[in-house]
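**Student:** Encoded as structure tokens, here's the structure I'll be asking about.
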């Protein structure tokens with residue numbers, strides 16, 4: 001981006017004529033081809049979510065989350081009730097259209113309306129959702145809502161720097177790595193160095209086309225396996 005200069009000859013950021021604060025995320029329903037995102041409701045979703053998370057062979061999926069695992073459904077329901085009552089983070093349940101059941105959650109958090117910035121977080125996908133077209137589509141639906149509906153300028157992803165799968169997922173989805181914030185968080189009695197990633201609005205049109213092309217039914221075989229990876233469409 002070319003530099004701008006003020007009257008003193010100092011470089012300054014590009015002007016933002018007409019900029020206004022962005023709307024905050026609301027309790028919307030977002031429909032896709034393979035899944036639907038709807039506002040988290042413990043009464044409707046907690047039982048399905050607990051059952052979906054219970055299909056995991058062990059508790060490793062909770063290691064890098066600030067919450068969980070949960071001893072029983074009652075404990076998870078209390079957690080889901082607290083999540084559902086929150087507006088920042090704003091939590092969504094991922095509904096698999098094939099079964100109509102909730103199979104994961106994710107949220108929009110650290111909502112900065114003044115600057116048009118929001119973070120996707122609290123991503124808790126069960127084995128019934130992981131590595132499926134619906135998993136990627138859930139991320140795409142929330143990203144599209146942030147950029148195309150709310151008009152955000154910046155969309156963030158942050159995770160424990162030791163969380164290899166999360167860092168790999170961020171890059172696969174088109175986020176750019178920005179660095180490590182050392183000793184940023186204490187959770188579960190241990191330190192977290194936080195890896196930061198982002199997508200900005202100028203990158204979004206190309207990424208949106210890549211997601212749309214990847215999600216076309218012709219890109220998958222009868223068992224839901226992709227013919228071409230998302231990165232291939234992003235490169236095209």
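The values are calculated or read from the model by the stated rules, or taken from the named source; none is laboratory data. None of these values were measured; they are calculated from a predicted model. Note that each Cβ is placed from the backbone with ideal geometry, even for glycine, and that neighbours are counted across all protein chains shown.
**Student:** Quick check on residue 46: is it in contact with a helix residue (DSSP H, G or I) (Cβ under 7 Å, 6 or more places away or on another chain) and more than 19 Å from residue 143 (Cβ to Cβ)?
**Tutor:** So residue 46 fits the description; yes.
**Student:** Name every residue in the range 33-55 that is farther than 30 Å from residue 114 by Cβ and either surrounded by 18 or more Cβ atoms within 10 Å (Cβ to Cβ) or within 21 Å of the chain's Cα centre (by Cα) (or both), in order of residue number.
**Tutor:** Correct list: 33, 34, 35, 36, 42, 45, 46, 48, 49, 50, 52, 53.
**Student:** One residue is enough: does the range 217-227 have a residue meeting the conditions without any contact (Cβ under 8 Å) to a residue 40 or more places away in the chain, assigned to a loop (DSSP other than H, G, I, E, B), touching a helix residue (DSSP H, G or I) at 6+ places or on another chain (Cβ under 6 Å) and more than 16 Å from residue 146 (Cβ to Cβ)?
**Tutor:** Yes, because at least one residue in the range 217-227 is without any contact (Cβ under 8 Å) to a residue 40 or more places away in the chain, assigned to a loop (DSSP other than H, G, I, E, B), touching a helix residue (DSSP H, G or I) at 6+ places or on another chain (Cβ under 6 Å) and more than 16 Å from residue 146 (Cβ to Cβ).
**Student:** Are any of the residues in the range 186-196 part of a loop (DSSP other than H, G, I, E, B), within 18 Å of the chain's Cα centre (by Cα) and either modelled with pLDDT of 95 or more or surrounded by 13 or more Cβ atoms within 10 Å (Cβ to Cβ) (or both)?
**Tutor:** Within the range 186-196, not a single residue is part of a loop (DSSP other than H, G, I, E, B), within 18 Å of the chain's Cα centre (by Cα) and either modelled with pLDDT of 95 or more or surrounded by 13 or more Cβ atoms within 10 Å (Cβ to Cβ) (or both).
**Student:** Taking the range 24-46, which residues are under 15 Å from residue 145 (Cα atoms), assigned to a loop (DSSP other than H, G, I, E, B) and either in contact with a strand residue (DSSP E or B) (Cβ under 6 Å, 6 or more places away or on another chain) or modelled with pLDDT under 95 (or both)?
**Tutor:** Taking the range 24-46 as the starting set, the residues that turn out to be under 15 Å from residue 145 (Cα atoms) are 24-32, 35-39.
Next, from what is left, pick out any that are assigned to a loop (DSSP other than H, G, I, E, B): 24-29, 32.
Matches in the range 24-46: 24, 25, 27, 29.
**Student:** With the requirement that a residue be out of contact with any helix residue (DSSP H, G or I) (no Cβ under 7 Å at 6 or more places or on another chain), in a helix (DSSP H, G or I) and buried (at least 18 other Cβ atoms within 10 Å of the Cβ), what does the range 144-165 give you?
**Tutor:** Within the range 144-165, 145, 146 meet the criteria.
**Student:** Follow-up question, since we're still on this one. Hey, among the residues in the range 100-135 that are closer than 20 Å to residue 210 by Cβ and touching a helix residue (DSSP H, G or I) at 6+ places or on another chain (Cβ under 7 Å), which one's surrounded by the most Cβ atoms within 10 Å (Cβ to Cβ)?
**Tutor:** Looking at the filtered set, the residue picked out is 120.
**Student:** Here is a further query. Pairs please, first residue from the range 183-207 and on the phi > 0 side of the Ramachandran plot, second anywhere and in a strand (DSSP E or B) and exposed (fewer than 15 other Cβ atoms within 10 Å of the Cβ), Cβ atoms under 6 Å, 6+ apart in sequence or on different chains.
**Tutor:** 183/191
**Student:** Restricting to the range 159-175, count the residues that are in contact (Cβ under 8 Å) with a residue 24 or more places away in the chain and over 10 Å from the mean Cα position of the chain (by Cα).
**Tutor:** Adding up the residues that qualify gives 11.
**Student:** Determine whether the range 1-21 contains at least one residue that is farther than 13 Å from residue 104 by Cα, surrounded by 16 or more Cβ atoms within 10 Å (Cβ to Cβ) and within 22 Å of the chain's Cα centre (by Cα).
**Tutor:** No, because not a single residue in the range 1-21 is farther than 13 Å from residue 104 by Cα, surrounded by 16 or more Cβ atoms within 10 Å (Cβ to Cβ) and within 22 Å of the chain's Cα centre (by Cα).
**Student:** Next question. What about residue 111, is it part of a strand (DSSP E or B) and without any contact (Cβ under 8 Å) to a residue 12 or more places away in the chain?
**Tutor:** Details: part of a strand (DSSP E or B): yes; without any contact (Cβ under 8 Å) to a residue 12 or more places away in the chain: no.
So residue 111 fails the test.
**Student:** Here is a further query. Condition check: over 30 Å from residue 16 (Cβ atoms), buried (at least 18 other Cβ atoms within 10 Å of the Cβ), touching a strand residue (DSSP E or B) at 6+ places or on another chain (Cβ under 6 Å) and in contact (Cβ under 8 Å) with a residue 60 or more places away in the chain. Does residue 141 satisfy that?
**Tutor:** It is false that residue 141 is over 30 Å from residue 16 (Cβ atoms), buried (at least 18 other Cβ atoms within 10 Å of the Cβ), touching a strand residue (DSSP E or B) at 6+ places or on another chain (Cβ under 6 Å) and in contact (Cβ under 8 Å) with a residue 60 or more places away in the chain.
**Student:** Continuing with this model, one more query. Against the conditions (1) more than 14 Å from the chain's Cα centre (by Cα); (2) farther than 24 Å from residue 226 by Cα, where does residue 110 fall short? Just the number, please.
**Tutor:** If we test residue 110 against (1) more than 14 Å from the chain's Cα centre (by Cα); (2) farther than 24 Å from residue 226 by Cα, just (1) comes out false.
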